[in-house]
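The values are calculated or read from the model by the stated rules, or taken from the named source; none is laboratory data. Remember, it's a predicted structure, so these values are computed and weren't measured experimentally. Cβ placement follows ideal geometry from the backbone for every residue including glycine, while neighbour counts extend to all protein chains displayed. All accessible areas refer to the heavy atoms of the entire protein, side chains included, with ligands and DNA or RNA removed. Shrake-Rupley method; radii C 1.70, N 1.55, O 1.52, S 1.80 Å.
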Amino acid sequence: MGLSSIEVKKANKNSVLRYILTTEQFSKNSVAQVLDLSVPTVTQALRELQHIGFVKEAGMLESIGGRKAMGFRCVKDYRVAVGVDITRNHVNVVIVNLALETLYYRRVNVCIKDEATYGELKKVIENAISESGVDREKILGLGISIPAIPDGEGRRITHIHEQMLGCRNLDQVVGTWFPYPVIFGNDADNAGRAELHCQKVEKDAVFFFVSPSVGGALIHDGEIRRGRQYRAGEFGHMILYPGGKPCYCGRIGCVDPYCNTNVLSDYTDGSLDVFFRELKEGNEKFRKIWEEYLDYIALAIHNLLAAFDSNIIIGGYLGQHIGPYMGELKSRIKRMDPYLKDDEFVRPASLKYEASAIGVASVFVEDFLNQI
């Protein structure tokens, strides 16, 4: 059975909405041409969006022959969403509009580890909202990204390891602070989601998240696949070296203890930036450490390629520094896999520290857009 007329109308309006979010100024005819819709269909959709304040007139456009057309613009901050990413030593806060453009970003050096420090988290979030100047009435919700496994709805944290982040009852506390919805998400899933939505990456890819912990996300058919128990992409706990180093999960030889970025930053008092600065300046000790580390990263990526046969995107802290060393990494992987014919199989992520926070905020944006 085909779509009803009401469903077709809604689908057309949603197509118009999503397109105009990608452009600064447009006319009815330009939208109709791009989306292959009739001008009356576009006119009706814009009229409805204008009625709720989502679209505004922007004056007459320059003529390209014939009568000037009325220009319109999309009110991208019609609604906004707040995203928070909590790591062991930092809290990243972003506020995004409906086009997932960052209106505000702040990275704060603070350790949120237990209930005694939750007041600091609340202060960081409150300060961010105040500093941003956004209308609080426009906030769709607050998303919190953490190295943990939430439930299917993102309302509760079902598993979090004390060694990574000791915030067991955070889900029960944060919801009492604010008058809008709060959800929780896995940091790696949300970094992959941000890369997917903001950078328009391929519809099938593997996001390899390498930070103080290692994880990932599976991008399939343009969506993040979370798996049967919401644990898909836990690449940090694949066995890389049987009988090797202990992992915080309790097993031996996982990817995480070999590939997490602390392996590097532990040599520079926790600063990954300092490690890579020393590496760039020719520090021989750090070069040796780096080459051993790169061997393990290459082996982990080779395993991901063998399992999924999809392009690999390297995100997290490592993704921000790996760019100048991609040639070294690719040559190592190619030595392990004679079937690789080009260099397009692996690349760094485009987004940086803000990625996970944007990703968890985007959940609210997507839900809102789907309802219009």
Considering only the stretch 25-38, state which residues are in a helix (DSSP H, G or I), surrounded by 17 or more Cβ atoms within 10 Å (Cβ to Cβ) and not aliphatic (A, V, I, L, M). LYS28, SER30
Pair list, Cβ under 7 Å, 6 or more apart: the stretch 103-128 residue touching a residue at least 24 places away in the same chain (Cβ under 8 Å) and within 12 Å of VAL93 (Cα to Cα), other residue open to solvent by 50 Å² or more (accessible area, probe 1.4 Å) and outside any helix (DSSP H, G or I): ARG107/TYR353; ALA128/ARG106
Against the definition (open to solvent by 60 Å² or more (accessible area, probe 1.4 Å) and part of a helix (DSSP H, G or I)), how does ARG335 come out, yes or no? yes
Determine the pairs where a residue that is among the charged types (D, E, K, R), located within the stretch 271-287, has a partner that is open to solvent by less than 40 Å² (accessible area, probe 1.4 Å) with Cβ atoms under 9 Å apart, the partner being 6 or more residues away or on another chain. ASP273/SER265; ASP273/HIS321; ARG277/THR268; ARG277/SER271; GLU278/THR268; GLU278/PHE286; ARG287/LEU279
Condition (residue is modelled with pLDDT of 95 or more, outside any strand (DSSP E or B) and at negative phi) applied to the stretch 342-352: is it met by at least one residue? no
Just name the residue that is most open to solvent (accessible area, probe 1.4 Å) out of those in the stretch 254-264 that are assigned to a helix (DSSP H, G or I) and within 16 Å of PRO147 (Cβ to Cβ). ASN262
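Residues are listed down the side, and each one gets a yes or a no for (1) among the charged types (D, E, K, R); (2) out of contact with any Cys (no Cβ under 9 Å at 6 or more places or on another chain):
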position: TYR317; (1), (2): no, yes
position: HIS321; (1), (2): no, yes
position: ASP337; (1), (2): yes, yes
position: LEU340; (1), (2): no, yes
position: ALA355; (1), (2): no, no
position: ALA361; (1), (2): no, yes
position: PHE368; (1), (2): no, yes
Do we find that ILE112 is open to solvent by less than 30 Å² (accessible area, probe 1.4 Å), touching a Cys at 6+ places or on another chain (Cβ under 8 Å), under 21 Å from TYR353 (Cα atoms) and not in a helix (DSSP H, G or I) in this structure? yes
For THR22, the lone unmet condition from (1) open to solvent by 60 Å² or more (accessible area, probe 1.4 Å); (2) under 30 Å from ALA355 (Cα atoms); (3) polar (S, T, N, Q); (4) in a helix (DSSP H, G or I) is (4)
For the stretch 238-253, what are the residues that are assigned to a strand (DSSP E or B) and of a type outside the set (Val, Ile, Thr)? PRO246
Taking the stretch 298-309 as the region of interest, how many residues are within 21 Å of the chain's Cα centre (by Cα) and either closer than 18 Å to TYR241 by Cβ or crowded, with 18+ Cβ neighbours inside 10 Å (or both)? 2
Just to check your reading of the model, which residue among ARG335, ARG347 is closer than 30 Å to ILE144 by Cα and basic (Lys, Arg)? ARG347
Being in contact with a His (Cβ under 9 Å, 6 or more places away or on another chain) and open to solvent by less than 40 Å² (accessible area, probe 1.4 Å) is true for just one of PHE275, PHE286, PHE235. Which residue is that? PHE275
